Amino acid sequence: MKNMKVNYHTHCFYCDGKGDPELYVKEAIERGFSSLGFSSHAPLNEANDWTIQDGDLEKYFDRITELKIKYANVIKIYLGLEIDYYPNENRFEKFKKYNLDYSIGSVHMVKPQGYSNYFSVDASVIDFKKILEDVYSNNIENFGRDYYKALRDMIVQGGFNILGHLDLFKKFNRDNRFFKESDKWYKEEISECLNLLETRDIIVEVNTGAIARGVQDTPYPSQWIIEECYNRGIKICLNSDAHNHVNIDFYFSEALEIIKKSGYKELHTPFEILDLRGLV
């Protein structure tokens, strides 16, 4: 068990982050990190402006590998991808051929019944509201159940190490704008997700990214979910979901207090166990 500072959810200019990966590495060294993982968004089937483009995938792999070698005596660098779940398609298997060090499984989009296209749950509050109105006829429960069903289907499919921002669906729900987390349907959906995670070797990340972007006041997942993860023996890690090198440990101290209050004494990564008392 080690006392170290780490982050495995990092986006640079190969996807929707800012800056060359080396900026993140230098910042991590300056801030006393022992390791840093890069997890740019894997290419999607559809044209978009937020994932790595197919033609840049090898460039991304080569750049992170170059940094691994260059800084090998100073910090451990890991090569990963954040891979989006698609129903009826095992994308985690698809990217195995690249010999990634780890992967993050995430759901950013839903595909409602009867639709051929996907809708993003986290693009903007305007988009979220439009989907809720136009696609779900203002039924937030149906919207939320579609999101968490996709999340559960991804958990069952497996093939990834870390579950990304479990309750991303709450991103624009500051001050209970769209729903209350105490709503019966919502707690049921979360509970069903945790039921699956209890029996699988998947690490749930505590993610501070929405706070850095100014849309939330608390990490993903909410504290009551972190407490329930602890009660169920589900492993967790702490990630910043940094899209800018200055945010690689954003809100870490505060998040660690939440994690400790929830009962956790250690964090898990795909590579090591970290003693919480050493992460400050």
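Listing for the model above:
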read-out	value
Single residue of the stretch 219-236 satisfying the filter (within 20 Å of PHE178 (Cα to Cα) and either polar (S, T, N, Q) or modelled with pLDDT under 95 (or both)) that is surrounded by the most Cβ atoms within 10 Å (Cβ to Cβ)	SER222
Residues of the stretch 142-167 classified as among the polar types (S, T, N, Q) and without any contact (Cβ under 8 Å) to a residue 60 or more places away in the chain, total	1
Conditions (1) in a helix (DSSP H, G or I); (2) of a type in the set (A, V, I, L, M, F, W, C); (3) over 23 Å from HIS41 (Cα atoms); (4) under 16 Å from the mean Cα position of the chain (by Cα): number failed by TRP224	(4)
Filtered residue count, the stretch 14-35, keeping only those that are touching a Ser or Thr at 6+ places or on another chain (Cβ under 9 Å) and surrounded by fewer than 17 Cβ atoms within 10 Å (Cβ to Cβ)	1
The stretch 168-187 residues that are touching a residue at least 24 places away in the same chain (Cβ under 8 Å) and closer than 14 Å to TYR148 by Cβ, paired with ones that are outside any loop (DSSP other than H, G, I, E, B) and basic (Lys, Arg) (beta carbon under 8 Å, 6 or more apart)	GLU181/LYS170; GLU181/LYS187; TRP185/ARG145
Selection within the stretch 227-265 - part of a helix (DSSP H, G or I) and hydrophobic (A, V, I, L, M, F, W, C)	CYS229, VAL246, PHE252, ALA255, LEU256, ILE258, ILE259
Residue that is farthest from CYS237 (Cα to Cα), among those in the stretch 179-190 that are basic (Lys, Arg) and not in a loop (DSSP other than H, G, I, E, B)	LYS184
Filter result for the condition that a residue is surrounded by fewer than 21 Cβ atoms within 10 Å (Cβ to Cβ), modelled with pLDDT under 95 and among the polar types (S, T, N, Q), over ASN90, ASN73	ASN90
Top-ranked residue in the stretch 18-44 [being over 22 Å from ILE69 (Cβ atoms) and of a type outside the set (A, V, I, L, M); ranked as nearest to the chain's Cα centre (by Cα)]	HIS41
Among (1) under 17 Å from PHE179 (Cβ atoms); (2) touching a residue at least 12 places away in the same chain (Cβ under 8 Å); (3) not hydrophobic (A, V, I, L, M, F, W, C) - the single one SER106 does not satisfy	(1)
Output for the stretch 237-250, where each listed residue is buried (at least 21 other Cβ atoms within 10 Å of the Cβ) and not acidic (Asp, Glu)	CYS237, LEU238, ASN239, SER240, ALA242, HIS245, ASN247, ILE248
First in the stretch 112-133 and on the phi > 0 side of the Ramachandran plot and hydrophobic (A, V, I, L, M, F, W, C), second anywhere and assigned to a loop (DSSP other than H, G, I, E, B) and surrounded by 11 or more Cβ atoms within 10 Å (Cβ to Cβ), Cβ under 8 Å, 6 or more apart	none
Residue tally, condition outside any helix (DSSP H, G or I) and either of a type in the set (D, E, K, R) or surrounded by fewer than 18 Cβ atoms within 10 Å (Cβ to Cβ) (or both), over the stretch 121-135	4
Subset of the stretch 191-218 that is assigned to a helix (DSSP H, G or I) and touching a Ser or Thr at 6+ places or on another chain (Cβ under 9 Å) - its residue that is surrounded by the most Cβ atoms within 10 Å (Cβ to Cβ)	GLY209
Selection within the stretch 153-178 - more than 21 Å from SER240 (Cβ to Cβ), more than 15 Å from the chain's Cα centre (by Cα) and assigned to a helix (DSSP H, G or I)	ASP153, VAL156, GLN157, ASP175, ASN176
Residue list for the stretch 136-152, restricted to those being part of a loop (DSSP other than H, G, I, E, B) and touching a helix residue (DSSP H, G or I) at 6+ places or on another chain (Cβ under 9 Å)	TYR136, ASN138, ASN139
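The values are calculated or read from the model by the stated rules, or taken from the named source; none is laboratory data. Quantities reported herein were computed from a predicted structural model and do not represent experimental measurements. Note that we place each Cβ from the backbone using ideal geometry, even for glycine, and neighbour counts take in every protein chain shown.
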